[in-house]
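Notes for the one structure printed next.
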There are 6 protein chains.
Amino acid sequence: MSKLTHLDDKGEARMVDVTSKAVTEREARAEATIRMAPETLRMIIDGEHPKGDVLATARIAGIMAAKKTHDLIPLCHALNLTSVKVELSPGADGASVHILTRCKLSGQTGVEMEALTAASVAALTLYDMCKAVDKAMVVDGVRLLEKKGGRSGRWRAPEQ
Amino acid sequence: MSKLTHLDDKGEARMVDVTSKAVTEREARAEATIRMAPETLRMIIDGEHPKGDVLATARIAGIMAAKKTHDLIPLCHALNLTSVKVELSPGADGASVHILTRCKLSGQTGVEMEALTAASVAALTLYDMCKAVDKAMVVDGVRLLEKKGGRSGRWRAPEQ
Amino acid sequence: MSKLTHLDDKGEARMVDVTSKAVTEREARAEATIRMAPETLRMIIDGEHPKGDVLATARIAGIMAAKKTHDLIPLCHALNLTSVKVELSPGADGASVHILTRCKLSGQTGVEMEALTAASVAALTLYDMCKAVDKAMVVDGVRLLEKKGGRSGRWRAPEQ
Amino acid sequence: MSKLTHLDDKGEARMVDVTSKAVTEREARAEATIRMAPETLRMIIDGEHPKGDVLATARIAGIMAAKKTHDLIPLCHALNLTSVKVELSPGADGASVHILTRCKLSGQTGVEMEALTAASVAALTLYDMCKAVDKAMVVDGVRLLEKKGGRSGRWRAPEQ
Amino acid sequence: MSKLTHLDDKGEARMVDVTSKAVTEREARAEATIRMAPETLRMIIDGEHPKGDVLATARIAGIMAAKKTHDLIPLCHALNLTSVKVELSPGADGASVHILTRCKLSGQTGVEMEALTAASVAALTLYDMCKAVDKAMVVDGVRLLEKKGGRSGRWRAPEQ
Amino acid sequence: MSKLTHLDDKGEARMVDVTSKAVTEREARAEATIRMAPETLRMIIDGEHPKGDVLATARIAGIMAAKKTHDLIPLCHALNLTSVKVELSPGADGASVHILTRCKLSGQTGVEMEALTAASVAALTLYDMCKAVDKAMVVDGVRLLEKKGGRSGRWRAPEQ
């Protein structure tokens, strides 16, 4: 039977031992959506002309958060990401922003948590910048889209 | 018309000036839900007997993340929270964990972002601890439930 | 004779005791200039159309660095800034970017180091983003322009 | 034509992808100068007898800051420096302290930003320790002196 | 009967709520001793002539660690220390260094953990700097000596 | 004669250059003991039924602290631990908790400081959680038990 790898035989938390794992190229992509009032989205987009900083701030917050993941998630290994990308785009529904992240590493552990953390913090940063006008925003669908590399190989999210 | 407070007249990001705001008691409550396979939830709960660390680790990660909010969200003010509470409970649907957070402060700014960050990071920590058995978990409904204190007074999420 | 306040009688470093200092409104403004090739400045400015992130990234890096000052400067007191502003503007000479910062606090210590740190890190961030095309950039004139509040009152830089 | 590597095609900030870059030995040297009143320099030097902590504190602050570079500069890769050296020496003009830094790494990215950050923070730390007696100090000439390793090979600052 | 304040009724960790506690002047003193071979102590002391950095480095590490306490101890409140002092002195036995710390705050919570953390990290820093010559060093007697302020008033360690 | 490796010829602190050291598997084990009143230990153990968080919180604090070691100890190299384990067990004397840590790395430097830091911070976290009922607790015997790997090979603490 499958077991939770982050607990030892006594059920106690530990950082999983990856000392003897191979160094391979790893990649993970994640996403999140923040839903908001249509007027809120309009303000964000308007702020983008000519050099409004809303989306840029969220993008940078996401990138920096990816680098802090091991400091936030107790049992995550520290690692030196070789690439982080955070893309934000207005939702087709006119009432959301979609966040897509991708992290890469040449190392011994996967980077799923880094991609998920980047997406979450980018979404929270949008919330912060718009909360004066819209406190009812909701972050939904924070999930892993795909991972590559490592012993378990490739994984893709089921269609939703 | 309402404007985004975190941008100045040129659309550039800034930390909002709260120098002359009154020090009042502030409180915010937030929530998040992480959906998972029923077997994953069962493993988490089983891990709780007699002293499994899954929920404890997420709880502590959430508390510590609340203290790091200003380091994650670029325009958030640093502040000294006077109370943080993170509660995790298995969902009635047998396929989720619900996270409820509450932060308090006696200060010049609200603590909404701290409550939301605690909820997000607690959820991500659960993802990390269970991802070896269930990569398809999704974090949904990260939102503010209520805020009290400050000039804008009390606010409650629309549907509860 | 005047003495270095950060050393005790034995010449040993210490954090100055401000326990009994009054809480007053404090403010500091600082500046820095990064000199570069005219083509480098042109690239930065071009990047600004329509939503290039060079100046936005430096601006946000400066704001976040102000919040980390006590973590960088060993004897600085931790404090909760109430306002941070970082402004970047192309130099009139067509070969530099000028950085102007302002930090505010209602507290027991001055915020000079926060304003200087914000200016330095904003300048270094510009260096980072442009170093692939211009490694010879130089950061000059990092200095305090003005401070207000506290027992020593107002101070302005000699030549402005 | 040369382009800013830290922006993608849309002008958006990203962390440059170094996943497939070779691991090579890299080294960077940087410098900074802090100008001050002659009496300020005299106090620093006097503080050095027999075990004053001014220069030691700046030296250590510079070393620690080098390790935090990726946390300060948004698009910098986290990396594990293999060597950091920070040297401070009184200027021949009797009114300045000169800071020389050298960082080394066996890795996929250069360490220019680490050397520059160490120099800047060492200078700011001197400012902090002496600001009670000399607020008009100015940090000048923060620049890269030399870099070695990596695909672009060796680079030396123009005038030395 | 007395209960552990950091656990709620269900035995779950929480940050104790101090929102309504009075702001008072608080102070805590702590100590630690690191025992070592006599030759190791001799090297440390020799390094002090004329400006060796061993004790200075430990002193600064202790001061900086005090500021990071809330980031290390999960349920500690973040707070803005108004004073930190770390004193190191060779033991009378010729085979140890004694560390004495004192932290102060004008705030709602005690600073015992800050004083203890400063002492521990100063001791560990000495270990780090001398471990190439003496791996058998032992840190002993890390304890609180005295606390003042707050509702529980003054407390002194039993035997001094 | 043996010399302190963290000081250069002038007695100044530096981060030791490990650029050309071989990457080998490294491991370190450390321990610490926190002595307390018998009633305090009883409360901790009682808190463990069925899911009290005292030992879990200390365990997680120790693991997270290991990852922060280079941020606490000024001359420590940053490194990416591949495994961290923190075990806490009630002392046979009924008046203490014993902490045992083990860190692993595939890298160029030893992980002794990481194991010692994990043990120290786990002990301090226990102090924090129990200080409301027992301020006289003392942390003793923080020491390295064993190290393996690297040029100097295996080392074991003298008396075990």
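The values are calculated or read from the model by the stated rules, or taken from the named source; none is laboratory data. Please read these numbers as outputs of a predicted model, since none were measured by experiment. Please note: Cβ atoms are built from the backbone with ideal geometry, for glycine as well, and neighbour counts cover all protein chains shown. Accessible surface areas use protein heavy atoms only, side chains included; no ligands, DNA or RNA. Shrake-Rupley method; radii C 1.70, N 1.55, O 1.52, S 1.80 Å.
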Practice item. Mind putting a number on the dipole of the protein assembly as shown about its Cα centre? Charges go on the C-beta only, +1 for Lys and Arg and -1 for Asp and Glu, and I need it in Debye to the nearest 20. Key: 20 debye
Study note, to complete from the structure: Toy charge model, Lys and Arg Cβ at +1, Asp and Glu Cβ at -1: the range D:1-102 dipole around Cα centroid in debye, rounded to 20, equals 200 debye
Exercise for review: State the answer as a single residue: which of A:Thr40, A:Val84, A:His98 lies farthest towards the positive end of the charge dipole of the range A:23-112, with beta carbon charges of +1 for Lys and Arg and -1 for Asp and Glu, about the Cα centre.
Suggested key: A:Val84
Revision key, fill the gap. With all protein chains in place and a 1.4 Å probe, E:Thr33 shows an accessible area in Å² (nearest 10) of 40 Å²
**Study point:** Local electrostatic count, E:Thr19, Cβ distance below 10 Å [Lys/Arg +1, Asp/Glu -1]
**Key:** 0
Point to revise | chain F: angle of helix F:38-47 to the longest principal axis, Cα-based, in degrees nearest 10 | key: 90 degrees
Review point. So how much accessible area does D:Val23 have, in Å² to the nearest 10, using a 1.4 Å probe?
Key: 100 Å²
**Study point:** Long-range tail of P(r) for chain E (Cα pairs > 21 Å, %)
**Key:** 50 percent
Revision key, fill the gap. Relative contact order in percent for chain C (Cα pairs under 8 Å, 6+ apart) equals 35 percent
Point to revise | Crossing angle, helix D:112-130 versus chain D [Cα axis fit, 0-90 degrees, rounded to tens] | key: 20 degrees
Check your understanding: For the protein assembly as shown, what does the alpha-carbon gyration tensor say about shape, rounded, prolate or oblate, given a ≥ b ≥ c as the root eigenvalues, a/c under 1.5 as rounded, and a/b over b/c as prolate?
Key -> rounded
Review point. How much of D:Asp53 can a 1.4 Å solvent probe reach, expressed as accessible area in Å² and rounded to 10?
Key: 0 Å²
**Study point:** Amide H within-cut-off set for C:Ser106, under 5 Å, with H built and near neighbours excluded
**Key:** C:Arg26, C:Thr82
Check your understanding: Highest mean first, what order results for D:66-79, B:119-132 on Cβ atoms within 10 Å?
Key -> B:119-132, D:66-79
Practice item. Only helical DSSP H runs with n ≥ 4 go in: add -39500 (n - 2.57) per run for chain D, normalise by residue count and round the 222 nm mean residue ellipticity to 500 deg cm²/dmol. Key: -10000 deg cm²/dmol
Practice item. Mind checking the per residue accessible area of the protein assembly as shown for me, 1.4 Å probe, whole number of Å²? Key: 34 Å²
Review point. Ignoring ligands, DNA and RNA, what percent of the accessible area of the range B:17-83 is carbon or sulfur (1.4 Å)?
Key: 53 percent
Practice item. Can you work out the PRE-style zone for F:Ala22? Point 7 Å along Cα to Cβ, and I want the residues of the range F:138-152 with backbone N under 12 Å. Key: F:149-152
Practice item. For the range C:60-75 and the range A:93-112, compute the distance between their C-alpha centroids and round to whole Å. Key: 27 Å
Practice item. Of the listed pairs F:Lys67/F:Lys104; B:Lys85/E:Lys21; C:Lys21/E:Lys68; D:Lys67/F:Lys68; A:Lys21/D:Lys104; B:Lys21/C:Lys85, which have alpha-carbon separations greater than 19 Å here? Key: C:Lys21/E:Lys68; A:Lys21/D:Lys104
Point to revise | Total charge dipole magnitude, the range B:18-160, about the Cα centre, Cβ charges on Lys, Arg, Asp, Glu only, Debye to nearest 20 | key: 620 debye
